[in-house]
Amino acid sequence: LTVYGVFYNFDFGPNYRLVNSSDVIGTGTVVYGQAGYLLPEFTKAGRLQPYLAYSSRSFEAYTDNASTLGIGANWYLSGHNAKISAEFTQMNHPGGTDNSKFTIQAMIFL
């Protein structure tokens, strides 16, 4: 079982905000948590770790909070030396704009 949590308190100046296509950041607070479970080995091809991630963001420049929910899995191919990750993320930005994305990435430790 893997659990990770963090609390951020950002102060970039009064009502600061930066918006791009994938996220929003600004003066305010962010709470982030992630939990995953490494399943028992069921094949010689690697091990699977499904996980959930959630963040809630509250910024001075917005009256609404923002949130993100991620559902994904890591496929460990060679212990922690190589993995492939896939994640579906649903984002709710302040002001009612929502978007989602699907990400696949690979990591190789040399």
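The values are calculated or read from the model by the stated rules, or taken from the named source; none is laboratory data. Worth saying up front: this structure is predicted, and the values here are computed from it rather than measured. Don't worry about glycine lacking a Cβ; one is built from the backbone with ideal geometry, like all the others, and counts go over all protein chains shown. In case anyone asks, the SASA skips ligands and DNA or RNA and just uses the protein heavy atoms, side chains included. Shrake-Rupley method; radii C 1.70, N 1.55, O 1.52, S 1.80 Å.
In this entry, TYR51 passes the filter for residues that are at pLDDT 95 or above and buried (at least 16 other Cβ atoms within 10 Å of the Cβ). Give the range 1-21 a look and list any residue that's part of a loop (DSSP other than H, G, I, E, B) and loosely packed, with under 12 Cβ neighbours inside 10 Å, or say none. Answer for the range 1-21, where residues must be part of a loop (DSSP other than H, G, I, E, B) and loosely packed, with under 12 Cβ neighbours inside 10 Å: LEU1, ASP11, GLY13, PRO14, ASN20, SER21. Scanning the range 13-44 for residues that are farther than 13 Å from ASN74 by Cα and aliphatic (A, V, I, L, M) gives LEU18, VAL19, VAL24, ILE25, VAL30, VAL31. Does at least one position in the range 86-96 carry a residue that is in contact (Cβ under 8 Å) with a residue 24 or more places away in the chain, within 23 Å of MET107 (Cα to Cα) and open to solvent by 50 Å² or more (accessible area, probe 1.4 Å)? No. Examine the range 23-42 for a residue that is out of contact with any Asp or Glu (no Cβ under 9 Å at 6 or more places or on another chain), farther than 22 Å from ALA106 by Cβ, open to solvent by 60 Å² or more (accessible area, probe 1.4 Å) and not in a loop (DSSP other than H, G, I, E, B), and state whether such a residue exists. Scanning the range 23-42 turns up at least one residue that is out of contact with any Asp or Glu (no Cβ under 9 Å at 6 or more places or on another chain), farther than 22 Å from ALA106 by Cβ, open to solvent by 60 Å² or more (accessible area, probe 1.4 Å) and not in a loop (DSSP other than H, G, I, E, B). Of all residues in the range 14-35, those that are farther than 17 Å from THR97 by Cα and touching a residue at least 12 places away in the same chain (Cβ under 8 Å) have Cβ atoms under 7 Å from Cβ atoms of residues that are basic (Lys, Arg) and part of a strand (DSSP E or B), 6 or more apart or on another chain, in GLY28/ARG57; VAL30/ARG57. Does the range 52-72 include one or more residues that are polar (S, T, N, Q), touching a Ser or Thr at 6+ places or on another chain (Cβ under 6 Å), touching a residue at least 24 places away in the same chain (Cβ under 8 Å) and part of a loop (DSSP other than H, G, I, E, B)? Within the range 52-72, one or more residues are polar (S, T, N, Q), touching a Ser or Thr at 6+ places or on another chain (Cβ under 6 Å), touching a residue at least 24 places away in the same chain (Cβ under 8 Å) and part of a loop (DSSP other than H, G, I, E, B).
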